[in-house]
Amino acid sequence: MLTRRAPERPHATPTQVNTIAARIHRRADQILVITAAYTGMRWGELAGLARANTHLGDGLIQVHPEVGALHEVQGRLYLGPPKTANSVRDIHLPPFLIGLLQEVLDSHDHDIVFCGARGAYLRRSSMSRRIWGPAVNGDERAHTGPVIEGMHFHDLRHTHKTWLIEDDIPEVAQAQRLGHRLPGVRGIYSHVTPAMRRRITDALQHRWLANQPAPAAHVPHCSQSAPRTNRRQHDGKGRTKGNAEPPGRRHDRASRQKRARGLATLPTQCWPVAPLCTIRGNDAGREQARAGGDLGVRPCRRGRG
């Protein structure tokens, strides 16, 4: 009898995570996806994250031992302990994620960080069906194709683990961040240091910045050719030869032309062209949002709640 190994769960690249998040309409749900990918937290830990356990001034969030996870039993939602004793942990955050979480906290005054419009708990089934599924599998109404078809929200946890491996994070630090414990002697004699935690947050910050769109190049909008020499000659008596204008009149006419062009304050300089992606409603901006643009600039309308 042949035994077949179960296929590996998919994981996403930072660009794919950006694309998935950019397809989600509500800003808080976008940041929920980004937080899952860059912390490796379980769904219940994210959905049950309380404002009181979000210590952004210290650069971390805490999974509480008694109310650190949201549980659903027979349709009833309640806060309770996380999955295991090792799941109780402090999760240190890269700087960009501190800013995003602060944005969510500033957007409402409810006790739960990631909540519904009126502060209600989020349900995993609703999230998967209405938000996550269309974003990752494609949506015919939005004319978008799949990013990673069949990927589950929990696979963002696999994604985070894979990123830690790519960044050569020590195994003991990986395990602690994900709420695991190394077995046997390795778990007894291995310890996580502050230097390891800084290495994790630095690597995640670098990963985030490296996968944001590059700023638009400064394209010269005017030429700096040499000024034309005036071939008109004066006769020394305030008059000009030929059809030339007197010097004062020529200066006034040139000044009026500069003001008409809006260049009076920059007579010899060039100025950058504004990047198209910053202009609301621009086709290039919408295309960048679909391709996973900078999530610091909202690619979609702000939802209620």
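For this structure, a couple of remarks:
- The residue of the stretch 77-116 that is nearest to the chain's Cα centre (by Cα), among those that are part of a helix (DSSP H, G or I) and among the acidic types (Asp, Glu), is 103.
- Among the numbered conditions (1) of a type in the set (Phe, Trp, Tyr); (2) out of contact with any helix residue (DSSP H, G or I) (no Cβ under 6 Å at 6 or more places or on another chain); (3) within 19 Å of residue 197 (Cα to Cα), the only one that residue 96 does not meet is (2).
A quick yes/no check of all residues on (1) surrounded by 14 or more Cβ atoms within 10 Å (Cβ to Cβ); (2) β-branched (Val, Ile, Thr); (3) in contact with a Cys (Cβ under 9 Å, 6 or more places away or on another chain):
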| residue | (1), (2), (3) |
| --- | --- |
| 19 | yes, yes, no |
| 42 | yes, no, no |
| 52 | no, no, no |
| 71 | yes, no, no |
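- Taking the stretch 63-76 as the range and being assigned to a loop (DSSP other than H, G, I, E, B) and closer than 12 Å to residue 45 by Cα as the test, the residues that pass are 64, 65, 66, 67, 68.
- Criterion: in contact (Cβ under 8 Å) with a residue 40 or more places away in the chain and touching a strand residue (DSSP E or B) at 6+ places or on another chain (Cβ under 9 Å) - qualifying residue of 84, 39: 39
- Scanning the stretch 151-180 for residues that are over 30 Å from residue 138 (Cα atoms) and either of a type in the set (Val, Ile, Thr) or loosely packed, with under 15 Cβ neighbours inside 10 Å (or both) yields a count of 4.
- The conditions of being of a type in the set (Asp, Glu), modelled with pLDDT under 95 and more than 21 Å from residue 174 (Cβ to Cβ) are met by residue 72.
- Residue within the stretch 162-183 that is part of a helix (DSSP H, G or I), more than 15 Å from residue 92 (Cα to Cα) and in contact (Cβ under 8 Å) with a residue 40 or more places away in the chain present: yes
- Residues of the stretch 184-208 that turn out to be part of a helix (DSSP H, G or I), of a type in the set (A, V, I, L, M), in contact (Cβ under 8 Å) with a residue 12 or more places away in the chain and more than 21 Å from residue 12 (Cβ to Cβ), as a count: 1
- Flag if residue 111 is in contact (Cβ under 8 Å) with a residue 60 or more places away in the chain, over 25 Å from residue 175 (Cβ atoms) and among the charged types (D, E, K, R): yes
The values are calculated or read from the model by the stated rules, or taken from the named source; none is laboratory data. All figures in this text were calculated on a predicted structure; none of them were measured in a lab. Positions of Cβ are generated from backbone atoms using ideal geometry, with glycine treated the same way; all protein chains shown enter the neighbour counts.
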